[in-house]
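Participant: Shown below is the structure under consideration.
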Amino acid sequence: MRKITIAIDGFSACGKSTTAKRVATILGYSYIDSGAMYRAVTCFFLQHHVALTNPREVLQALREVRITFKVNTRGVSETYLNGLSVEAEIRSMRVSEQVSQVSTLPAVRTAMVDQQRKMGRDKAIVMDGRDIGTVVFPDAELKVFLTADLLTRAYRRQQELLAKDDLVDLNVILDNLIKRDEIDSTRAESPLRKAPGAIELDTTNLTIEEQTDEVVRFALALMLKPVG
Ligand code: DC
């Protein structure tokens, strides 16, 4: 079977990561959560009080950031920052409130995109984010753009946080999603856009299983296509 690259983009809390992770498991592909990389950088910047308005400080900090992924004993991929798991911290509201600002910085994007392209060199990868189909892998064989209505997304995010014993008011989450949508889609550098040729999938009324199935079907059709 042909090895392909699968790029999954969309707004926050559309189920991108869950879908991408499941698709990767079914196909035996690697999975990279590019949002987790921007979150890990944000974590580092917060820990070290990096001034986002100071390009030299930002560049210096980026040199000290090493992001890796490791599969834990439950088979779940965890994000590591300089050798320490930051999986819980990167999902906190504190990081969520800062990450869109950090990810508008060109130096941050350049560093992350470089690393993401290296990770995808051998194909057989599913990567989710905001600019994967437009910037990171514009030649990906399969590009998917996920959408869902705002309330559904807020409710899903609330459930996700609740599963980690973090009860957050729906209005706080709605406010955060609206702000992030605005920053993510209007920023000058790699704004969130549906890539040319991307398949749009509205997940409002789909279960995770249904949206995973849809993507797997598209992927298999491409993987089974004779080369040339
Ligand atoms: O997918 P997520 O919500 O974990 O992403 C967190 C933030 O990172 C999101 O608000 C925008 C940014 N991001 C980005 O700019 N580019 C990506 N490829 C992935 C995420």
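Participant: Pairs needed: first member in segment 121-145, closer than 17 Å to residue 200 by Cα and near the ligand (Cβ under 8 Å from one of its atoms); second member anywhere, basic (Lys, Arg) and part of a loop (DSSP other than H, G, I, E, B); C-beta distance under 9 Å; at least 6 residues apart or different chains.
Facilitator: What qualifies is 130/193; 131/193.
Participant: Which members of segment 167-176 meet the condition of being assigned to a loop (DSSP other than H, G, I, E, B) and touching a residue at least 12 places away in the same chain (Cβ under 8 Å)?
Facilitator: Across segment 167-176, the qualifying residue is only 168.
Participant: Do you know which residues across segment 9-31 are within 10 Å of the ligand (Cβ to nearest atom) and of a type outside the set (Gly, Ala, Ser)?
Facilitator: Across segment 9-31, the qualifying residues are 9, 11, 14, 16.
Participant: Moving on to the next point. Could you please find all residues in segment 207-228 being open to solvent by 50 Å² or more (accessible area, probe 1.4 Å) and small (Gly, Ala, Ser)?
Facilitator: Within segment 207-228, 221, 228 meet the criteria.
Participant: Another question, if that's okay. Answer with yes or no whether residue 163 is under 27 Å from residue 3 (Cα atoms) and without any contact (Cβ under 8 Å) to a residue 60 or more places away in the chain.
Facilitator: no
Participant: Same structure again: Of the residues 115, 101, which is open to solvent by 30 Å² or more (accessible area, probe 1.4 Å), in a helix (DSSP H, G or I), within 14 Å of the ligand (Cβ to nearest atom) and under 28 Å from residue 175 (Cα atoms)?
Facilitator: 101
Participant: Next question. Give me the helices (runs of 4 or more DSSP H) completely within segment 1-83, filtered to those with at least 2 residues that are in contact with a strand residue (DSSP E or B) (Cβ under 8 Å, 6 or more places away or on another chain) and touching a residue at least 24 places away in the same chain (Cβ under 8 Å), ordered by residue number.
Facilitator: 16-27, 34-47
Participant: Moving on. Please verify whether residue 201 is in contact with an Asp or Glu (Cβ under 9 Å, 6 or more places away or on another chain), over 25 Å from residue 24 (Cα atoms) and modelled with pLDDT of 95 or more, treating the condition exactly as stated.
Facilitator: no
Participant: Restrict the check to segment 71-88 and report whether at least one residue is modelled with pLDDT under 95, open to solvent by 60 Å² or more (accessible area, probe 1.4 Å) and within 15 Å of the ligand (Cβ to nearest atom).
Facilitator: Checked against the condition, which is being modelled with pLDDT under 95, open to solvent by 60 Å² or more (accessible area, probe 1.4 Å) and within 15 Å of the ligand (Cβ to nearest atom), segment 71-88 yields at least one hit.
Participant: Every residue in segment 182-206 that is open to solvent by 20 Å² or more (accessible area, probe 1.4 Å), in a helix (DSSP H, G or I) and touching a helix residue (DSSP H, G or I) at 6+ places or on another chain (Cβ under 8 Å), please.
Facilitator: 183
Participant: List the pairs whose first member sits in segment 187-204 and is of a type in the set (Val, Ile, Thr), whose second member is open to solvent by less than 50 Å² (accessible area, probe 1.4 Å), and whose Cβ atoms are under 6 Å apart, counting only residues at least 6 apart or on separate chains?
Facilitator: From residues that are of a type in the set (Val, Ile, Thr), the pairs are 199/144; 203/14; 203/15; 203/146; 203/148; 203/211; 204/148; 204/152.
The values are calculated or read from the model by the stated rules, or taken from the named source; none is laboratory data. For clarity, every value in this text was computed on a predicted model and none was experimentally measured. Please note: Cβ atoms are built from the backbone with ideal geometry, for glycine as well, and neighbour counts cover all protein chains shown. Accessible surface is based on the protein model in full, side chains and every heavy atom, while ligands, DNA and RNA are left aside. Shrake-Rupley method; radii C 1.70, N 1.55, O 1.52, S 1.80 Å.
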